[in-house]
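Right, one structure below, let's go through it.
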Protein chains: 2
Amino acid sequence: MRISDRVQAMQNSPIRKFNPMAEAAEAAGVKIYHLNIGQPDIETPSVFWEAIKGFDQKVLAYAGSWGLPELQDAIVDYFKRFDMNLERNDVLITAGGSEALTLAFLSIINPGDEVIVAEPYYTNYLTFIQAADGVVKPVTTYAEEGYKYAIKERLEAVVTDKTKMISIVNPGNPTGCILSREDMRVIADFAKEHDLWILADEVYREFAYDGREMTSFGQIPDIEDRVIIIDSVSKRFSACGARIGCMVCKNKEFMAEVFKIAMGRLCVPTLDMVGATAMYKLPADFFNDVKAEYEHRRDVSYEALKKIPGVVCEKPGGAFYITCKLPVENTEDLLLFLLNEFRDNNETVMYAPAEGFYATPGLGKNELRIAYILNADDMARGIELLGKGIEAYKAAGNK
Amino acid sequence: MRISDRVQAMQNSPIRKFNPMAEAAEAAGVKIYHLNIGQPDIETPSVFWEAIKGFDQKVLAYAGSWGLPELQDAIVDYFKRFDMNLERNDVLITAGGSEALTLAFLSIINPGDEVIVAEPYYTNYLTFIQAADGVVKPVTTYAEEGYKYAIKERLEAVVTDKTKMISIVNPGNPTGCILSREDMRVIADFAKEHDLWILADEVYREFAYDGREMTSFGQIPDIEDRVIIIDSVSKRFSACGARIGCMVCKNKEFMAEVFKIAMGRLCVPTLDMVGATAMYKLPADFFNDVKAEYEHRRDVSYEALKKIPGVVCEKPGGAFYITCKLPVENTEDLLLFLLNEFRDNNETVMYAPAEGFYATPGLGKNELRIAYILNADDMARGIELLGKGIEAYKAAGNK
């Protein structure tokens, strides 16, 4: 009775593996500020609940494998805001962005094929790529440079004859790094030159601050046959538990291949698609208040972080994460201290240690990611707790 | 820009690939009796809708990767009916039985490893196994024998040093074949002798007719470390569109490995889990009326089939499918005729051709699967249409 090599090579999610310790602390009455996971506290739009409560069929039947046509059409309409003209079956509805990513990797990667990913990366990319027996080829980025990766020479340095894709999250998770139009052009030209697919995970598309334009790789005509866009209702509409996402691609041959796997898994949940349809139909200005709120939280969080002596980070331009360097040697060890020992007024804080976000051994040990998904006061308090926790950690003799 | 070998090797779902032709006929006003897909017409239990409509959280948040604890616990309680004592984390909640199968294959199969599957099989097994770069090793079964496969010599004939699992659907899809306690013992001993995992897809567990006992491979203590049970709300509770299933296994090491992938995809939909919890808590006798109804439909369907000259099948003992041989050379060709040409009172019928249910080339061309998921009158009419369609097909010069 063997277990597969691929799953043995996988790591436990560095975002979720500390949950049992957090649960134990909470069971003991400790309040934890959860800056570790991208679970927004913004209310899910009322149209979602209304759509689901209005569903009146007696049999909850299978949907088609493409997803509900009305949801596909709502997504086609949504992308018109970005001057993209999609057809219905350019959009495959998936079980969250996660399934769209899994389907993309399974449909492109042969065992041993390589995917270029900027590190630190959203850690589950490693799991998805390993599930397809692929290999992550990291482009290392640096806190001091704001984790910028759209640099031709650095991309060229990691491409090989096994490279099949470059995988982008823009705006970025975990760094909050956001691409300019010029950056996107660098990546587009690189992909064309080496005949690569571009996997563009744009689930944070609207989370672009300081007046930055919202963009999509789908807006660049000369790469539209090689761009696979990942979208999701989770973050934009604060509906993470709906698990509705999609894959968008104008390459019909590719979509026909992906659809073979999609037929195998039958369909995604009907009710959640009904709710998602209502959310994709929300007007563009629905997001203005949400964006202003997140921008404020980012500013508060960034200022609070900068007050902690020895923290290194640039102000991120998008998404709702900040990755930074701390003045400690090992942020996993610090997190264990925070969860198991440190208390301030019976409160502590949780973040995601960044070592698991790097493929290169040894990197990221002194970095962490926080998600600014709590209100500004809670963010300030959470980061204050981090600062106090670091002080206590060092006072206890740790480095 | 390459597409992976694994997805190119996959077939289009033989159950779903004829849907566009059916949709065209329906758009032209033709009534089609859909005997092609396992979508029951039984109403989803009211407790499902009530639970969802009673959900009153403002933020639809991520659930934990194991699933909602209350759903895990409801499933633990459900399995007590079969004298099985599970712990909460012996149960991983999945996006339908489909995801549970995908996770199981990814967690066991290395590229080139073999899985023993009785053919004809539920066709999506091939897709799931190919997604893990595994190989289906078929045990061929025969209409004349009621598609029986628990025969030691035939299992021994296909086992090699690359065999890692035997994959069972009991009661069976597409054949309706159901294992006796003795049959299960044959499979258990075979798996022990060759050190194989047993993947036991038991989503039709309650659909056991003629007074047959409902069983589970989880009831055999000496194989409990190697049995992986797949369960789902889709069929039992007529809630296919909820996409809630689970993997049940008492092997902690295995579940810890599977959980790495489960963490990567984060979680399954919260609302559907809330509804599923209510359904798993329904009393055991909830299913009595449903079972009586399906048993009646089976009898009506079987009698109607036997009236068509040249049909070969045994009366199936479980699930809600009948697979049989027709007196035509090619049931895909016949289906195209039924969808595109044949009409009787502006009605026609659709089934699943069985060739795609076989791994052995050339087999199954003259077989089909029907699902008796419509009421008895509609089943009788659908099968009458099949008989008339065969007559018209032959009269038009087809063999």
If you take the residues of the stretch B:150-197 that are within 14 Å of chain A (Cβ to nearest Cβ) and in contact with a Phe, Trp or Tyr (Cβ under 6 Å, 6 or more places away or on another chain), which of them is nearest to B:GLY211 (Cα to Cα)?
-> B:ASN173
Within the stretch B:79-113, of all residues that are buried (at least 24 other Cβ atoms within 10 Å of the Cβ), facing another protein chain (nearest Cβ under 9 Å) and hydroxyl-bearing (Ser, Thr, Tyr), the one farthest from B:ASP285 (Cα to Cα) is B:SER107
Just one of (1) touching an Asp or Glu at 6+ places or on another chain (Cβ under 8 Å); (2) farther than 18 Å from B:LEU368 by Cα; (3) surrounded by fewer than 19 Cβ atoms within 10 Å (Cβ to Cβ); (4) of a type in the set (Ser, Thr, Tyr) trips up B:SER180, so point out which.
-> (1)
Picking from A:PHE82, A:PHE105, which residue would you name as being in contact with a helix residue (DSSP H, G or I) (Cβ under 7 Å, 6 or more places away or on another chain) and farther than 29 Å from B:SER13 by Cα?
-> A:PHE82
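Name the helices (runs of 4 or more DSSP H) wholly inside the stretch B:100-200 in which the number of residues that are touching a strand residue (DSSP E or B) at 6+ places or on another chain (Cβ under 9 Å) and not hydrophobic (A, V, I, L, M, F, W, C) is 2 or more. Before the answer, list the steps.
Details: elements: B:124-131, B:152-156, B:181-193.
Per the criteria, B:124-131.
Rundown of residues vs (1) within 20 Å of A:ALA188 (Cα to Cα); (2) in contact with a helix residue (DSSP H, G or I) (Cβ under 9 Å, 6 or more places away or on another chain), yes/no style:
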residue	(1), (2)
A:ARG205	yes, no
A:GLU213	yes, yes
A:GLN219	yes, yes
A:GLU224	yes, yes
A:SER234	no, yes
A:VAL258	no, yes
A:ALA262	no, yes
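Taking the condition charged (D, E, K, R), surrounded by 16 or more Cβ atoms within 10 Å (Cβ to Cβ) and under 17 Å from B:TYR122 (Cα atoms), does B:ARG6 pass?
Taking the combined requirement at face value, the residue does not satisfy it.
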Out of all the residues in the stretch B:168-188, which are closer than 17 Å to B:GLN219 by Cα and under 20 Å from the mean Cα position of the chain (by Cα)?
-> B:ILE168, B:VAL169, B:ASN170, B:PRO171, B:ILE178, B:LEU179, B:SER180, B:ASP183, B:MET184, B:ILE187
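Can you confirm whether the stretch A:59-70 contains a residue that is in a helix (DSSP H, G or I) and either under 30 Å from B:PHE237 (Cβ atoms) or more than 11 Å from every other protein chain (Cβ to nearest Cβ) (or both)? Can you show your working first?
Restricting attention to the stretch A:59-70, the residues satisfying the condition of being in a helix (DSSP H, G or I) are A:69-70.
Then drop every residue that is not either under 30 Å from B:PHE237 (Cβ atoms) or more than 11 Å from every other protein chain (Cβ to nearest Cβ) (or both), which leaves A:69-70.
For the stretch A:59-70, residues in a helix (DSSP H, G or I) and either under 30 Å from B:PHE237 (Cβ atoms) or more than 11 Å from every other protein chain (Cβ to nearest Cβ) (or both): present.
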Any chance A:LEU368 is within 22 Å of A:MET10 (Cα to Cα), aliphatic (A, V, I, L, M) and surrounded by fewer than 19 Cβ atoms within 10 Å (Cβ to Cβ) = no
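I'm checking my understanding of the structure. Among residues of the stretch A:21-42 that are of a type in the set (A, V, I, L, M, F, W, C) and within 14 Å of another protein chain (Cβ to nearest Cβ), which one is nearest to A:PHE207 (Cα to Cα)? Lay out the reasoning, then the answer.
Going residue by residue through the stretch A:21-42, those that are of a type in the set (A, V, I, L, M, F, W, C) are A:21-22, A:24-25, A:27-28, A:30, A:32, A:35, A:37, A:42.
Imposing the further condition that a residue be within 14 Å of another protein chain (Cβ to nearest Cβ) reduces the set to A:22, A:27, A:37, A:42.
Values: A:ALA22: 29, A:ALA27: 34, A:ILE37: 16, A:ILE42: 14 Å.
The qualifying residue nearest to A:PHE207 (Cα to Cα) is A:ILE42.
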Inside the stretch A:294-311, can you point out the residues that are outside any helix (DSSP H, G or I) and at negative phi?
-> A:LYS307, A:ILE308, A:PRO309, A:VAL311
When every residue in the stretch A:43-58 that is surrounded by fewer than 14 Cβ atoms within 10 Å (Cβ to Cβ) and more than 7 Å from every other protein chain (Cβ to nearest Cβ) is compared, the one nearest to the chain's Cα centre (by Cα) is A:SER46
Identify all residues within the stretch A:312-346 that are out of contact with any helix residue (DSSP H, G or I) (no Cβ under 6 Å at 6 or more places or on another chain), under 24 Å from A:GLY29 (Cβ atoms) and not in a helix (DSSP H, G or I); write none if there are none.
-> A:GLU341, A:ARG343, A:ASN345, A:ASN346
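Those residues that are among the small types (Gly, Ala, Ser) and either more than 21 Å from the chain's Cα centre (by Cα) or not assigned by TED's automatic domain parsing to the domain that holds A:THR163 (or both), I need them from the stretch A:79-131; list them, please.
Of the residues in the stretch A:79-131, the ones among the small types (Gly, Ala, Ser) are A:95-98, A:100, A:104, A:107, A:112, A:118, A:131.
Result: A:GLY112, single match.
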Among (1) among the aromatic types (Phe, Trp, Tyr); (2) under 23 Å from B:GLU384 (Cβ atoms); (3) not assigned by TED's automatic domain parsing to the domain that holds B:LEU339, B:TYR62 falls short only on (2)
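Give the residue, chosen from B:ARG88, B:ARG81, B:ARG6, that is in contact with an Asp or Glu (Cβ under 8 Å, 6 or more places away or on another chain) and in contact (Cβ under 8 Å) with a residue 60 or more places away in the chain.
Working: B:ARG88 fails: in contact (Cβ under 8 Å) with a residue 60 or more places away in the chain; B:ARG81 fails: in contact with an Asp or Glu (Cβ under 8 Å, 6 or more places away or on another chain).
Just one listed residue meets the conditions, B:ARG6.
So which of B:ALA292, B:ALA242, B:ALA256, B:ALA284 is over 23 Å from the mean Cα position of the chain (by Cα) and not hydroxyl-bearing (Ser, Thr, Tyr)? Reasoning before the result, please.
Working: B:ALA292 fails: over 23 Å from the mean Cα position of the chain (by Cα); B:ALA242 fails: over 23 Å from the mean Cα position of the chain (by Cα); B:ALA284 fails: over 23 Å from the mean Cα position of the chain (by Cα).
None of the others qualify; the one that does is B:ALA256.
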For A:VAL76, all conditions in the list (1) within 14 Å of chain B (Cβ to nearest Cβ); (2) without any contact (Cβ under 8 Å) to a residue 40 or more places away in the chain; (3) more than 15 Å from the chain's Cα centre (by Cα) hold save one; what is the number of the exception?
-> (1)
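The values are calculated or read from the model by the stated rules, or taken from the named source; none is laboratory data. As the structure is a computational prediction, the values presented were derived from the model and not from experiment. Counting neighbours? That spans all protein chains shown, and the Cβs are built from the backbone with ideal geometry, glycine included.
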